[in-house]
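The values are calculated or read from the model by the stated rules, or taken from the named source; none is laboratory data. Given the structure is predicted, the values throughout are model-derived calculations rather than measurements. Positions of Cβ are backbone-derived with ideal geometry, glycine not excepted, and every protein chain shown enters the neighbour counts.
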Amino acid sequence: MSSRPNILWICTDQQRFDTILALGNDHAQTPHLDKLIGQGTTFNNAYCQSPVCAPSRASFLTGRYPRTTRCRQNGQSIPGDEVLVSKIFSDAGYRCGLAGKLHLASCSDGKVEKRTDDGYDPFHWSHHPQPDWEENEYTKWLTEKGQDWFDLQGEKISPYVQIGPPAEFSQTTWCAEKTIDFIKKENGKPWFFSFNCFDPHHPFDPPKEYLNQFNPDDMPLPSVHADEADAKTTFQKLDRIWAHNTPGEFQVESMTEDDKRLVYAAYMAMVSLIDDQVGRILQALEESGQADDTLVVFMSDHGEMLGDHGIYFKGPHFYDCQMRVPLIMRWPNGGIVENRRVDGFVELVDLMPTFLEAAGLVIPSAVQGSSLLPLLIGGEENEFCREQVYAEYYNAWTHSEAYGTMLRTKSWKVVVYHGTNQGELYDLMEDPDEFFNLWDSPVHAQRKQELVLKCFDASVLSMDPDPPRLGSF
């Protein structure tokens, strides 16, 4: 196994697991990701620790759970004493760079995101494509090309789908070009680069040439069961009316079947654009002669409801479509097994210790995840995978009273909405699509009690392991 690999970390925004052809979606057009899957190891059950951006990103960048990082909400800045994996690599002599979003602090009201000591240099920051602050490097790039983002907008073809800029001027393409430029400037030092595009995050606005590749009439409708509505929590009922519970943004209850199929087509078109840009990056890596010594990681920060269960976007919801994300790793000289699918549970907090172990760096005592390297080089699932996964939502986004925790095992999922006496309980063996909420079922009262206790245990055991205990008293 080679030491000190380069690390190319490709992180999309709001991409579900089931968006890739090789992972079972026959509607997907993802030849480059399909090839990457064949060349590396894929985790079929990788779960994020929060269903919204900032808490999830703070979690996997530190290897710690959201409540432990204290960055529990969008718009909340990560405390300065939290140590990012990129900072550790920078201190270890790596050249670290980023293109796209970081989202560990507020970036609203036209203000650039305040940086923590992240170790990134260069730092090409663009939280999202819309030009609502001067520091957006993507906007500057467009200006240099004689383009204006507003002029590049195409027609609004429904209340829910807008044609975005042509692919050559998209933010995802800009992220890819910055990544390729970084790779080409390799100077012998090991490097660590984060590609963090905004796609396929809403608004659903793919380039026209990509949307044209998908016939909406051929797209599936969301996964919804007529009988599940009566067992919804307050938060779910609200989001079945307006996405994000925000009147005027995305009126879910007014959508027709044609609207839903078109949204699905637009979302998959955005994924296809990502796939092509990933292909360009991997080609540049190959042409530079660095592919064999680079650990390539493809993943997303969380999923997208996409109309499943009558909900769009994200929120205080713990369905698998929002919590389960793609996770693919390739490292030819590192012994990663090719074309392997790991079915056991892993969490995104496991990424940081994986990278550190791969580079031979010390894993700090504050890290709560476990390295996946033993699995990547052929270790047995029953030894190195988790028996359960855990996630949190603490007033993280648009629902100010939503404080939820989730625990999922192979057979069951429990969600507790604290302070409301509401929750969810699913028998995943009988109901893998999570349609029938058994929370109030008398027949399942004992099972519910057992799982609520396990969920409480998981929350307590996610407390900060630092500072270390130095003595007996």
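Structural remarks
- One residue from Glu177, Glu135, Glu168 being assigned to a loop (DSSP other than H, G, I, E, B) and among the charged types (D, E, K, R): Glu135
- Residues of the stretch 255-265 that are in a helix (DSSP H, G or I) and in contact (Cβ under 8 Å) with a residue 40 or more places away in the chain: Asp258, Asp259, Lys260, Arg261, Leu262, Val263, Tyr264, Ala265.
- If the condition is being of a type outside the set (Ser, Thr, Tyr), surrounded by 15 or more Cβ atoms within 10 Å (Cβ to Cβ) and modelled with pLDDT of 85 or more, then the stretch 103-131 contributes His103, Asp118, Gly119, Pro122, Phe123, His124, Trp125, His127, His128, Pro129, Gln130, Pro131.
- Residues in the stretch 442-473 that are hydroxyl-bearing (Ser, Thr, Tyr) and either within 16 Å of Phe318 (Cα to Cα) or modelled with pLDDT of 95 or more (or both): Ser459 alone.
- For the criterion of being within 25 Å of the chain's Cα centre (by Cα), under 23 Å from Tyr312 (Cβ atoms), crowded, with 21+ Cβ neighbours inside 10 Å and not charged (D, E, K, R), Tyr403 fails.
- Sole exception among (1) over 22 Å from Gln290 (Cβ atoms); (2) β-branched (Val, Ile, Thr); (3) crowded, with 16+ Cβ neighbours inside 10 Å for Ile183, by number: (1)
- Once the stretch 449-473 is narrowed to residues that are part of a loop (DSSP other than H, G, I, E, B) and aliphatic (A, V, I, L, M), the residue that is farthest from Ser59 (Cα to Cα) is Leu470.
- The criterion of at least 1 residues that are of a type in the set (A, V, I, L, M) and touching a residue at least 60 places away in the same chain (Cβ under 8 Å) is met by the following strands (runs of 3 or more DSSP E) wholly inside the stretch 17-128: 41-47, 95-100.
- Residues located in the stretch 389-432, provided they are within 21 Å of Asp227 (Cβ to Cβ), among the charged types (D, E, K, R) and in contact with a strand residue (DSSP E or B) (Cβ under 8 Å, 6 or more places away or on another chain): Lys413, Glu424, Asp427
- Contact map, the stretch 328-339: residues that are more than 22 Å from Ser300 (Cα to Cα) paired with residues that are part of a loop (DSSP other than H, G, I, E, B) and not hydroxyl-bearing (Ser, Thr, Tyr), Cβ distance under 7 Å, separation 6+ or inter-chain. Pairs shown: Gly334/Met1; Gly334/Pro5; Gly335/Met1; Gly335/Ile377.
- Helices (runs of 4 or more DSSP H) fully within the stretch 337-396 that include at least 2 residues being out of contact with any helix residue (DSSP H, G or I) (no Cβ under 6 Å at 6 or more places or on another chain): 351-358, 381-384.
- The residue that is modelled with the lowest pLDDT, among those in the stretch 213-248 that are buried (at least 16 other Cβ atoms within 10 Å of the Cβ), closer than 14 Å to Trp439 by Cβ and charged (D, E, K, R), is Lys232.
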